[in-house]
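Have a look at the structure below before the remarks.
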Amino acid sequence: MPAEALAKEGGVSMHNVCYHQSVAFPDQYYTGLTNDVQARLAEHNAGKSRYTAKFKPWMLLSFHYFVSEETALAFEKYLKTGSGRALARKRFR
């Protein structure tokens, strides 16, 4: 059973760290935290985020879900460091 279905059945919140790439500007990447991956990508592509609007459209390269919000926040923060960007460059693209 997919993790999202398990979470809904058990009432567990899912915290997703998403890694996006701009289609129009392939050198632009975005890392963010969300509870709904598809809805957040749609918001970025609709221009609802001030930072990402100028680089739309976006495509999802990877997402990583966590039960713990603290762990998700820590992973998002790590991906925004030099070593985290290196990991993303090597493993997520």
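The values are calculated or read from the model by the stated rules, or taken from the named source; none is laboratory data. Model, not experiment: these values are computed from the prediction. Backbone-built Cβ (ideal geometry, glycine too); neighbour counts: all protein chains shown. Calculation scope for accessible area: heavy atoms of the full protein, side chains included, ligands and nucleic acids excluded. Shrake-Rupley method; radii C 1.70, N 1.55, O 1.52, S 1.80 Å.
Computed values, structure above
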| quantity | calculated |
| --- | --- |
| Rounded percent of accessible protein surface that carbon and sulfur make up, the chain, 1.4 Å probe | 54 percent |
| Förster-model FRET efficiency, 30 Å R0, ALA46 and PHE25, C-beta, rounded to 0.05 | 0.95 |
| Accessible area in square angstrom per residue, the stretch 25-70, 1.4 angstrom probe | 66 Å² |
| Helix-only CD estimate at 222 nm, as mean residue ellipticity for the chain, using -39500 (n - 2.57) per DSSP H run (n ≥ 4) | -12500 deg cm²/dmol |
| With Cα atoms, 0 to 90° folded angle of helix 82-91 axis to the chain main axis | 80 degrees |
